[in-house]
Amino acid sequence: MLFEEDSENPAGRVPASGLGATRVPRDPGLLWSFGILAAVSLALMLLTGVFLAMNYVVGVQPFETVQWIMRDVSYGWLIRFMHMAGTSIFFIIAFVNVGRGLYYGSYKRPGQRMWTLGLVTLILMMLTAYTGYLLPMGQMSYWSTLALAKTLAGFPFVGRNIVRWIMGADSIDGATLTHFYTFHILFAFGIVGAVMAHLQARRMNAGEAPTVATVPFHPFHTVRLGIALLTFLIVCSVIVFFLPYTFEQSANFQPADPLVVPSNITPQWYLLPFYAMTRCTQSPLLSLVLVVAGWAALFALPWLDPSPLHGRQHRALFHPALVGFFVVVILLGWAGSHPTTSGWVLLDRLFTLLYFLFFLVGVPLLGLIETPGVNLDLRHRFSVKALLEGSGASALPPASVPRGKEAP
Ligand code: HEM
């Protein structure tokens with residue numbers, strides 16, 4: 001039978017297979033479509049990247065080569081703008097996805113594997129973007145790459161050798177461009193692998209999915225998705241056609257000059273929070289330790305948070321703290337975008353401290369306070385429901401609230 005009767009469906013019947021037969025939660029949340037938008041962005045990045053690679057001549061006057069792509073290659077300007085601005089759009093979508101995972105507690109059982117693979121994807125994205133940024137060989141491409149190389153070279157014993165291996169030389173030259181070009185493409189396709197593993201983990205989790213009200217994917221979610229995609233394409237078109245340089249650093253409009261140091265060397269905006277961490281100390285080794293610890297905290301989150309609750313309703317303390325954490329990350333990036341003077345370094349240190357306090361103190365403590373069955377007075381006192389009802393009496397969810405079964 002090709003169709004089955006379905007009273008929920010506006011058409012009155014659904015296909016017995018395919019999207020119409022796939023059931024998904026009725027209310028998957030406002031930001032649900034960002035997962036698919038990330039996949040669309042990745043596809044656009046790969047497509048424009050391949051077209052750029054057809055015209056980019058590695059190592060031969062890179063700045064001029066990119067200008068030539070912009071001016072003389074058919075629609076080269078469009079392809080480059082899509083690739084250049086597309087990178088920032090891709091990162092915005094990826095950050096929203098990570099933020100959504102934090103907000104809805106998707107990193108908890110059974111989602112740990114998906115969370116880990118999502119973070120691996122984000123790291124690969126950063127590596128891809130970092131290596132790609134050197135290729136046009138503007139002033140900032142050159143100096144921000146050199147700054148990271150110096151940090152890495154400070155690693156005891158092996159630092160210099162690692163840098164020489166990565167860059168193919170002691171400073172940035174033609175060999176470095178060839179290396180970075182190769183890494184750029186390798187990492188980009190590494191992202192595809194990580195995304196596929198991420199989706200595979202999602203499929204495996206589907207068996208453990210909560211029993212919540214569901215609707216057929218088609219037409220409910222196809223319509224929702226269509227609107228999200230249309231909005232996304234309109235926003236991307238506005239950026240690519242009217243504001244292509246929004247995310248570009250002004251120093252990169254000049255060709256790299258090893259003799260002129262820019263007044264403020266900063267990496268691309270999406271690397272700024274971690275760059276700010278590296279500036280907390282003068283020791284290259286400690287800088288690296290801080291960045292690795294920053295990532296390790298994100299990876300360890302499923303084990304740092306003892307609360308089994310996923311729903312928004314029962315985490316009256318965690319969610320305001322999480323919003324505070326988002327603000328701290330933005331402030332960290334903001335501080336990192338400023339020159340390395342004592343005042344800004346002080347702010348780097350303050351926000352880095354708050355970043356780690358959130359993971360090492362805030363998450364475990366709030367998780368304990370909000371865990372059903374753990375009788376901490378604070379939980380009663382700060383429970384939103386109790387405050388609204390004017391009593392500290394049991395505003396707690398039942399001892400074990402399965403995911404998705406929380407009270408509305
Ligand atoms: C999916 C992830 C990708 C990301 C995040 C990414 C990111 C970037 C970035 C940030 C730049 C510098 C843009 C500029 O300021 O001019 C760049 C340049 C470049 N990318 Fe990618 N890229 C990706 C995939 C690819 C792929 C798959 C290829 C080739 C097969 C590629 C080839 C190139 C080339 C040739 C350039 C130099 C030309 C230019 O600067 O416009 N990219 N990429």
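The values are calculated or read from the model by the stated rules, or taken from the named source; none is laboratory data. Note that the structure is a prediction, hence the values are computed from the model and not measured. Cβ sites come from the backbone with ideal geometry, for glycine too, and all protein chains shown count toward neighbours.
Looking at the range 120-135, can you tell me whether even one residue there is within 15 Å of residue 35 (Cβ to Cβ), more than 8 Å from the ligand (Cβ to nearest atom) and either in contact (Cβ under 8 Å) with a residue 12 or more places away in the chain or within 24 Å of the chain's Cα centre (by Cα) (or both)? Before you say what the answer is, go through the steps one by one.
Filtering the range 120-135 down to residues within 15 Å of residue 35 (Cβ to Cβ) leaves 121-122, 125.
In the following step, the residues that additionally are more than 8 Å from the ligand (Cβ to nearest atom) were identified as 121-122.
Filter once more, keeping what is either in contact (Cβ under 8 Å) with a residue 12 or more places away in the chain or within 24 Å of the chain's Cα centre (by Cα) (or both): 121-122.
Taking every residue of the range 120-135 in turn, at least one turns out to be within 15 Å of residue 35 (Cβ to Cβ), more than 8 Å from the ligand (Cβ to nearest atom) and either in contact (Cβ under 8 Å) with a residue 12 or more places away in the chain or within 24 Å of the chain's Cα centre (by Cα) (or both).
Restricting to the range 200-211, name every residue that is surrounded by 14 or more Cβ atoms within 10 Å (Cβ to Cβ) and at pLDDT 85 or above.
201
Quick one: in the range 168-188, which of the residues that are without any contact (Cβ under 8 Å) to a residue 24 or more places away in the chain and within 11 Å of the ligand (Cβ to nearest atom) is nearest to the chain's Cα centre (by Cα)?
186
Quick one: in the range 22-66, of everything that is more than 10 Å from the ligand (Cβ to nearest atom) and part of a helix (DSSP H, G or I), which residue is farthest from residue 88 (Cα to Cα)?
64
Let's see how each residue does on (1) surrounded by 12 or more Cβ atoms within 10 Å (Cβ to Cβ); (2) hydroxyl-bearing (Ser, Thr, Tyr):
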site	(1), (2)
213	no, no
224	yes, no
231	yes, yes
237	no, yes
255	yes, no
259	no, no
263	no, yes
268	yes, no
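Given 339, 364, which one is assigned to a loop (DSSP other than H, G, I, E, B) and either closer than 23 Å to residue 300 by Cα or outside the structural domain of residue 100 (by TED's automatic domain parsing) (or both)?
Exactly one residue qualifies, and that residue is 339.
Residue check, residue 177 against (1) farther than 24 Å from residue 121 by Cα; (2) in a helix (DSSP H, G or I), all met but one. Which one?
Going through (1) farther than 24 Å from residue 121 by Cα; (2) in a helix (DSSP H, G or I) one by one, residue 177 breaks only (1).
Regarding residue 309, is this residue within 16 Å of residue 107 (Cβ to Cβ), of a type in the set (A, V, I, L, M, F, W, C) and assigned to a loop (DSSP other than H, G, I, E, B)?
On the way: within 16 Å of residue 107 (Cβ to Cβ): yes; of a type in the set (A, V, I, L, M, F, W, C): yes; assigned to a loop (DSSP other than H, G, I, E, B): yes.
Yes, satisfied.
Which residues, counting only those in the range 242-253, are surrounded by fewer than 19 Cβ atoms within 10 Å (Cβ to Cβ), in contact (Cβ under 8 Å) with a residue 40 or more places away in the chain and part of a helix (DSSP H, G or I)?
The one that is surrounded by fewer than 19 Cβ atoms within 10 Å (Cβ to Cβ), in contact (Cβ under 8 Å) with a residue 40 or more places away in the chain and part of a helix (DSSP H, G or I): 253.
Within 18 Å of the chain's Cα centre (by Cα) and in contact (Cβ under 8 Å) with a residue 24 or more places away in the chain: is that true of residue 354 in this structure?
No: the conditions fail for residue 354.
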